[in-house]
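*Asks:* Here's a structure for you.
The values are calculated or read from the model by the stated rules, or taken from the named source; none is laboratory data. Quantities reported herein were computed from a predicted structural model and do not represent experimental measurements. Please note: Cβ atoms are built from the backbone with ideal geometry, for glycine as well, and neighbour counts cover all protein chains shown. All accessible areas refer to the heavy atoms of the entire protein, side chains included, with ligands and DNA or RNA removed. Shrake-Rupley method; radii C 1.70, N 1.55, O 1.52, S 1.80 Å.
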Amino acid sequence: MAVLNVNGKAVEHNAEPDTPLLWVLREQLGLTGTKYGCGISQCGACTVHVDGAATRACGVPVSAVADKKIVTVEALAANGTLNKIQAAWVALDVPQCGYCQSGMVMAATALLAANPKPTDADIDAAMTNICRCGTYQQVREAIHAAAKA
Amino acid sequence: MTIQTSLGRRNFLVSAAAVTGGFSLGFHVPFLDDGVANAQAVKELNAWVVVHPDDKVVIRVARSEMGQGTLTGLCQLVAEELDCDWNKVTWEYPTPGENLARNRVWKNFSTGGSRGIRESNQYVREGGAMAREMLIAAAAAQWKVPASECSVSAGVITHKDQKLTYGAVAAAAAQLEPPKEVKLKDPKDWKIAGKPLKRLDTVDKVTGKQIYGMDYTMPGMLIAAVRACPVIGGKLKSFDAAKVEKMPGVKKVVAIDGNAVVVVADTYWHAQAALAALPTEWDVGKLGEVQQDGINAMLKEGLDANEAFVGNKAGDAKGAIAGAAKKIEAVYNFPYQHHVTMEPMNATARYTADKCEVWCGTQNGEAALAAASEASGLPIAKCDVYKLLLGGGFGRRGRSDYVRQAVLVAKEMPGTPIKLIWSREEDMTHCQYHPITMAKLTGGLDAQGNLVGLQIRISGQSILASLLPQNLVNGMDPATFQGFMPTGAEATYGYDVPNLLIDHAMRNPHITAGFWRGVNVNQNAIYMECFMDELAEAAGQDPLAFRMKYLKPKWAAVLKAACDKAGYGKPLPAGHFHGIAQVMGYGSYVAGVAEVSVSPQGVLKIHKITAATNPGHVVNPAQIERQVSGSFVYGLSAALYGEITVKDGAVEQTNFDSYNVMRIDEMPQVETVLVPTHDFWGGVGEPTIAVAAPAVLNGIYKATGKRVRNLPLMNQDLKKGA
């Protein structure tokens, strides 16, 4: 058994050290909000926070984050209250199919934590997640709205 | 024209016959979240509406939600006629098995072709209206007053100073005979439909709670990873299971359908690791010699072939062009595209000797059910499909190949639930791709610059020949002519050209072709609308003015609306140019104006797109706006990057690193203009995709003088002087 710090708790798992964090979260810990989209760190659907930084969980072996603080989308709404990004996402009805949106929300939350008033260029640089429904316009609006909230 | 995505009519009749009798006796209606006891206590008012004692309204939605907002729109239509409190509305899916058992009371489950609302608005509204009348009748009976003296608003029935909520009379109402006829509201009086209401399915999508097929889990479930022959149509020759059977977590290694190997393990990661290590030999035969150049040559030959299926003809196009003062000719192409849903294909299946169940995202529940029956060998009455939300559909999940595979694996391990997952690489290489086509367009202008004749020869692949050959009409694929059709409410050609010939030389490579959001409207609009700009230039006229000479009124109106809103013809910032395009598709009239610039180094920037839509009736303007802005991401991703190519018979692209798509930094601002005429029902999920590329390409020409006729744009050098 190995131990991870996920969403503020020490949790045990028995995955091999080279297993991507994504699959440990999904299959060992039941945290399916973190999505599989590409497996090669391209699409961002698996974005989590590792020590606060937006990180693509499909490209990180679980052994590399053994001593880090991992936060997944399930933990963003502290005590059931949506965070600023989630609230803006709901207010602006951002998601369509929604599959990429966990990753979008995680990336946007990390962006706002580092840069409370991002410009459009900041958003372009930070939000490299892929959305095939094409919610980009609403994603941009919602980040600006959250920054003002 | 209606496109059936999968379940053929013949299949359905056979299926329906198979379920007559026993199954319906055991049928009961499942409810969302109140537990089984309560579920059986609450009786539906009809197939569409269940009202609970606490006034909660459950609306049943047969179409699949894949992001397009159909479930919210359909609920709005039912709720409008029901006159219930929108804040108390929730929804559920009936299963395809229940639909068959109840003589298809929910009608068509198939979700594609932007048909959800435009095709089912009448009967879902009737369901809401009938339920309302029953609720009023029950209240009137309780009060012993005529129903005609009662009024209703937001789920409260009123007679003079007496009030009853829907929940209070729902049980009594459910015992009543439904009215024979109901009068639907005039859309002018709508209070719930027609309004920019929020979606019903948002919150769980931002908290990670939403369960997609990929997330579905069951006690004792195992995971299957699959690899089919990399050459579509090839066969499995051999595999060496012994090499991987001892790897961690591996439970079983099997072959299915003679063309794929599957590893079943305790986790996906274990299954995928063993699959990657599994020695496999394929028999690809002559298909292994097919190269993209060969496919291109096959299509090029079709451009001038003698035989072709005629899709639209008026007068004598060849004669008119031969006698014209000026002849213009151009050849365009549109490569294979992949849907790339964010959620790769997957399905969970459980098979026992007398039951087969499937949990999955599907655009066609009834086709998935038929696939489960066929793959399991069980009668359809012993199968069911439980639909989950889709992590993207775009036409891909109208096909049930992944359902079939999951059931075949589950059948190897009776009683064990099997979740079969395609890797992104498997998904990318085993799609049914947007068909490849080319078009040669030839136009004739008279001395005054009038278009006297137009010929369009399409050469390329047929979707129906690939997926639904039984739907070909004397060998012809009518869907090839989407946007070019002579008549009809679906996808009619908008120009009045006195001499016209549009035909199709069908050329079908071995790559499976399929429905891809927007389908054949997409490339047909590129061909037509880019060539209209070429003709306008040859005639020495402005592209808008030239189009207006030939466009029929509804097509012209929507183009004018887009151009007016965009300020077409007025000064733009230095270096910015407008390109325009219009088309009719999926019952709606759409047009777009793209504002673009191209730097001297050849860097394209799409600043803004103004898109007008006349969908007839508007059910939720906020959701239409989102469909329209999203549609440009789909259309522009294809225009900028989309290209699937074939090498040695196999698809070369394997993931987002070799099949790029648009990201937020390339997203133009999209302004949606709604110009509804309230006299028909059109779809909104697809049509504007088609104007994305031609509007941008026409803008690029103005900016650079380069006519881009070969997509994607990433292969073109827009640099000055290049």
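*Asks:* Would you tell me the mean number of C-beta atoms belonging to other protein chains that fall within 10 Å of each C-beta in B:662-673, as a whole number? Write down the numbers at each step before the final one.
*Replies:* On the way: counts 5, 9, 17, 8, 2, 8, 2, 2, 3, 1, 1, 0.
Averaged over the peptide's residues, the number is 5.
*Asks:* Separate question: Taking the full set of protein chains and a 1.4 angstrom probe, give the accessible area of B:Lys88 in square angstrom, rounded to the nearest 10.
*Replies:* Accessible surface of B:Lys88 is approximately 80 Å².
*Asks:* When we measure straight from the Cα of B:Lys252, which lysines land under 30 angstrom away, once same-chain ones fewer than 8 places off are left out?
*Replies:* B:Lys252 reaches A:Lys35, B:Lys235, B:Lys237, B:Lys243, B:Lys355, B:Lys382, B:Lys387, B:Lys411, B:Lys419.
*Asks:* Would you mind giving the mean number of other chain beta-carbons within 10 Å of the Cβ of each residue in A:84-93, as a whole number? Walk me through the numbers on the way to the answer.
*Replies:* Details: counts 0, 1, 4, 1, 1, 5, 7, 2, 4, 12.
Per-residue shielding by partner chains comes out at 4.
*Asks:* How much accessible area does B:Asp240 have with a 1.4 Å probe, in Å² rounded to the nearest 10?
*Replies:* It works out to around 50 Å².
*Asks:* Here's a follow-up. For chain B, what is the largest minus smallest coordinate of the Cα atoms on each principal axis, given in angstrom and ordered from greatest to least?
*Replies:* That works out to 80, 76, 47 Å along the principal axes.
*Asks:* Enter the mean projected area of the convex hull around the alpha-carbon atoms of the protein assembly as shown, in nm², rounded to one decimal. Could the numbers behind the result be given before it?
*Replies:* Working: hull surface 151.4 nm².
Its average projected convex-hull area is 37.9 nm².
*Asks:* Once each part is reduced to its C-alpha centroid, what is the distance from the stretch B:588-644 to the stretch B:687-722 in angstrom?
*Replies:* Cα centroid to Cα centroid, the span is 14 Å.
*Asks:* Heavy-atom accessible area per residue, chain B, 1.4 Å probe: how many Å²? Provide the component values of the computation, followed by the final result.
*Replies:* Numbers: 25630 Å² over 722 residues.
In whole numbers, chain B has 35 Å² accessible per residue.
*Asks:* Also, I was wondering about something else. Multiply the residue gap between B:Thr280 and B:Ala297 by 0.36 nm, knock off their C-alpha separation, and tell me the result in nm, one decimal place.
*Replies:* Working: separation 17, 0.36 × 17 = 6.12 nm, distance 3.23 nm.
Extra length available between B:Thr280 and B:Ala297 comes to 2.9 nm.
*Asks:* Largest first, what is the accessible-area ranking of A:Lys9, B:Lys160 with a 1.4 Å probe? Each step should come with its number before you reach the end.
*Replies:* Values: A:Lys9 135, B:Lys160 170 Å².
Per-residue accessible area, sorted high to low, gives B:Lys160, A:Lys9.
*Asks:* Suppose we compare each residue of the stretch A:117-140 in its chain alone and in the full protein complex with a 1.4 Å probe; which ones drop by at least 30 Å² of accessible area?
*Replies:* For the stretch A:117-140, once contacts with the other chains are taken into account, A:Asp124, A:Ile130, A:Arg132, A:Cys133, A:Gly134, A:Tyr136, A:Gln137, A:Gln138, A:Arg140 lose 30 Å² or more.
*Asks:* Then there is this: Taking a probe of 1.4 angstrom, what is the accessible area of B:Thr672 in Å², to the nearest 10?
*Replies:* 30 Å²
*Asks:* Order B:Lys706, B:Lys144, B:Lys719 by their accessible area, 1.4 angstrom probe, all chains in place, largest first. Intermediate values should be presented prior to the final figure.
*Replies:* Values: B:Lys706 40, B:Lys144 175, B:Lys719 90 Å².
Output order, biggest surface exposure first: B:Lys144, B:Lys719, B:Lys706.
*Asks:* For peptide A:24-33, what's the mean number of Cβ atoms from other chains within 10 Å of each residue's Cβ? Numbers along the way, then the final one.
*Replies:* Working: counts 2, 0, 6, 7, 2, 0, 2, 2, 9, 9.
Counting Cβ atoms of other protein chains within 10 Å of each residue's Cβ and averaging gives 4.
*Asks:* Place a label point 7 angstrom from the Cα of B:Lys318 along the Cα-to-Cβ direction, then list the residues of the stretch B:411-453 whose backbone nitrogen is under 20 Å away.
*Replies:* Only B:439-445, B:452-453 pass the distance filter.
*Asks:* Next up: So, in nm, how far is label B:Asp186 from label B:Asp204 when the simple model puts each one 7 Å beyond its Cα toward the Cβ?
*Replies:* 4.0 nm
*Asks:* Cβ neighbours within 10 Å, averaged per peptide: list B:337-346, A:74-83, B:437-446 in order, most packed at the top. Walk me through the numbers on the way to the answer.
*Replies:* Values: B:337-346: 26.4, A:74-83: 14.4, B:437-446: 22.9.
Going from most to least packed, we get B:337-346, B:437-446, A:74-83.
*Asks:* May I ask you to work out the translational diffusion coefficient for the stretch A:78-148 at 4 °C, viscosity 1.567 mPa s, via Stokes-Einstein with Rh from the Kirkwood sum over Cα pairs, reported in whole µm²/s?
*Replies:* Numbers: Rh = 11.9 Å.
Value of D from the Cα-based Kirkwood radius: 108 µm²/s.
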